[in-house]
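Down below is the structure, laid out as structure tokens.
The values are calculated or read from the model by the stated rules, or taken from the named source; none is laboratory data. This structure is a prediction, so every number in the text was calculated from the model and none was measured. For neighbour counting, all protein chains shown are included, and Cβ atoms are generated from backbone atoms with ideal geometry for every residue, glycine included.
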Amino acid sequence: MRTVEIRPPSVRAETLNVLRVAMAIVAVVAAYLFRPSLGGGSAVTTSRPGDLLPFQNLVRDAAPPDQRMFRELREGLLEAERVRATTGHWPDAAALASDGIPPFAADPTRKDATYRWSTLVQRTTVNYVGIPSTSSASAWLLLVLEPEPGAPPDPAPNDETHHRLQDGTTLHVSIWQMPEKSRLSGFTATSMPQNEGWTQLLIGSHEQ
């Protein structure tokens, strides 16, 4: 008979085996995490936030002229809200233009399309609509939704889409765009522009 002595692996050998396994795991994880950056020209450079709805985009991803229009519409909205809080009525686009409020007032420095603005009011829905002079530009919609008469106060905090007037009335506001070449002729006051193909622009993602 032959006697064979079985010895446990040395501490050094066991440590090397553990390190090899750990390095292999790290390599696999790294390949998974960084695989979008591989492959040369097919790399993905931007991502869409997961909490945006299909009809929403971030204004930071829009073209510079559209970003400018977005900023001007926000400025015009604040002035319209001031008038609404003071008089109880929404000013029409012509009144805002006569007061020099952008983007309703003519701007000689604008090099792209000029716009024809109109105001459509239907019960608690207020639409300020801008139609461009050229089909290569975007049409714009500033949408304001007032609460239904008798509705309980809206507890939503003030944010990008919720503005509260001095009398406590909470407004739901939003800014939308659509390529003019895609817009159907004419326009009817709407509270759901997404159903007509409009895209809502947002400064940042948020819960609806």
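On the basis of being β-branched (V, I, T), closer than 20 Å to T199 by Cα, outside any helix (DSSP H, G or I) and modelled with pLDDT under 95, does T119 make the cut? Spelling it out, it is not the case that T119 is β-branched (V, I, T), closer than 20 Å to T199 by Cα, outside any helix (DSSP H, G or I) and modelled with pLDDT under 95.
Beta carbons closer than 7 Å, at least 6 apart along the sequence or on distinct chains, never pair a first residue in segment 154-174 that is closer than 22 Å to E75 by Cβ with a second that is at pLDDT below 90 and hydroxyl-bearing (S, T, Y).
From the set of residues in segment 106-116 that are assigned to a loop (DSSP other than H, G, I, E, B) and touching a residue at least 12 places away in the same chain (Cβ under 8 Å), which is surrounded by the fewest Cβ atoms within 10 Å (Cβ to Cβ)? Result: T114.
Here are S98, S42, S47: which of them is at pLDDT 90 or above and either within 30 Å of D167 (Cβ to Cβ) or not aromatic (F, W, Y) (or both)?
Answer to the check: S98.
Within segment 179-191, residues that are without any contact (Cβ under 8 Å) to a residue 24 or more places away in the chain sit with their Cβ atoms under 7 Å from residues that are surrounded by fewer than 14 Cβ atoms within 10 Å (Cβ to Cβ) and in a loop (DSSP other than H, G, I, E, B), at 6+ positions apart or across chains, in these pairs: S182/G197. If you go through segment 67-105 and keep only what is of a type in the set (G, A, S), farther than 15 Å from V129 by Cα and not in a helix (DSSP H, G or I), you end up with G88, G100.
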